[in-house]
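First up is the structure itself, then whatever we jot down about it.
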Amino acid sequence: MGQGTTSGLDETDTRAVTKANFLFHFAASNEWPASVKEGEFHLTVVGSERLHAELVDKYAMKMIGAQPLRIHGYERPEELPLDAFHHLVYCEVGGSELKRVALALAETPTVLVSDSPDGLEQGAVINFVATGNRIRYEINTADAVKKGVLIGNKIMAWAVK
């Protein structure tokens with residue numbers, strides 16, 4: 001996935017627009033450990049070219065606190081470089097693939113976000129869920145605390161669980 005714009009992609013993908021907005025707010029509204037508050041802020045998308053393009057198009061020039069936002073995109077979980085730190089990782093896959101990513105990131109302050117029926121059970125900290133025609137999310141606050149990430153009040157208030 002390149003760092004291009006959304007040209008050629010369906011501009012009416014409201015799910016991608018909504019998720020991109022949530023992901024940006026997850027990055028900006030949480031309190032991250034001091035050890036990862038320098039340099040670039042790394043937001044990574046695995047498995048969704050459309051979501052990656054939406055983030056690049058709308059948020060690539062933004063800041064997360066004093067950190068410039070850097071948006072990465074990968075097609076498959078095995079492409080995710082585990083030797084580099086990622087603050088926030090959205091992973092489109094579920095099940096055992098999601099669990100493998102969660103285990104690989106377990107000892108880091110990375111917030112893993114998924115869109116899977118069993119996302120929290122497989123190790124995601126935040127999981128998107130459909131409520132009627134709306135996209136909402138659930139949070140595993142205990143896992144966030146273990147990672148040293150304080151979930152912001154606004155993010156907590158918007159959660160369904």
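Key figures
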| quantity | calculated |
| --- | --- |
| Odd one out for K58 among (1) more than 18 Å from L105 (Cβ to Cβ); (2) of a type in the set (K, R); (3) within 14 Å of the chain's Cα centre (by Cα) | (3) |
| Residue within the stretch 48-60 that is in a loop (DSSP other than H, G, I, E, B), surrounded by 14 or more Cβ atoms within 10 Å (Cβ to Cβ) and at pLDDT 95 or above present | yes |
| E31, sole failed condition from (1) modelled with pLDDT of 95 or more; (2) touching a Lys or Arg at 6+ places or on another chain (Cβ under 8 Å); (3) surrounded by fewer than 16 Cβ atoms within 10 Å (Cβ to Cβ); (4) not hydrophobic (A, V, I, L, M, F, W, C) | (2) |
| In the stretch 129-161, residue surrounded by the fewest Cβ atoms within 10 Å (Cβ to Cβ) [restricted to those that are among the hydroxyl-bearing types (S, T, Y) and either touching an Asp or Glu at 6+ places or on another chain (Cβ under 6 Å) or closer than 27 Å to D13 by Cβ (or both)] | T131 |
| Near pairs, Cβ below 9 angstrom, 6+ apart or cross-chain, from the stretch 54-65 (closer than 15 Å to D13 by Cα) to any residue that is in a loop (DSSP other than H, G, I, E, B) and of a type in the set (D, E) | E54/D13 |
| Residue list for the stretch 80-107, restricted to those being part of a loop (DSSP other than H, G, I, E, B) and either in contact with a Ser or Thr (Cβ under 8 Å, 6 or more places away or on another chain) or buried (at least 18 other Cβ atoms within 10 Å of the Cβ) (or both) | L80, F85, H86, H87, E92, V93, G94 |
| Test: residue in the stretch 17-26 that is modelled with pLDDT of 95 or more, of a type in the set (S, T, N, Q) and either closer than 19 Å to N140 by Cβ or surrounded by 17 or more Cβ atoms within 10 Å (Cβ to Cβ) (or both) | no |
| Filtered residues of the stretch 134-161 (kept if of a type in the set (S, T, Y) and in contact with a strand residue (DSSP E or B) (Cβ under 9 Å, 6 or more places away or on another chain)) | Y137 |
| Some residue of the stretch 84-92 being modelled with pLDDT under 95 and touching an Asp or Glu at 6+ places or on another chain (Cβ under 7 Å) | yes |
| Of residues in the stretch 108-151 being in a loop (DSSP other than H, G, I, E, B), polar (S, T, N, Q) and touching a residue at least 12 places away in the same chain (Cβ under 8 Å), the one nearest to E92 (Cα to Cα) | S116 |
| V149 being at pLDDT 95 or above, within 20 Å of G47 (Cβ to Cβ) and among the hydrophobic types (A, V, I, L, M, F, W, C) | no |
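Quick grid of which residues meet (1) out of contact with any strand residue (DSSP E or B) (no Cβ under 6 Å at 6 or more places or on another chain); (2) not β-branched (V, I, T):
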position	(1), (2)
I71	no, no
V113	no, no
G123	yes, yes
F128	no, yes
G132	yes, yes
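The values are calculated or read from the model by the stated rules, or taken from the named source; none is laboratory data. As the structure is a prediction and not an experimental result, all values here were calculated from the model. Glycine also receives a Cβ, built like all others from the backbone with ideal geometry; neighbour counts cover every protein chain displayed.
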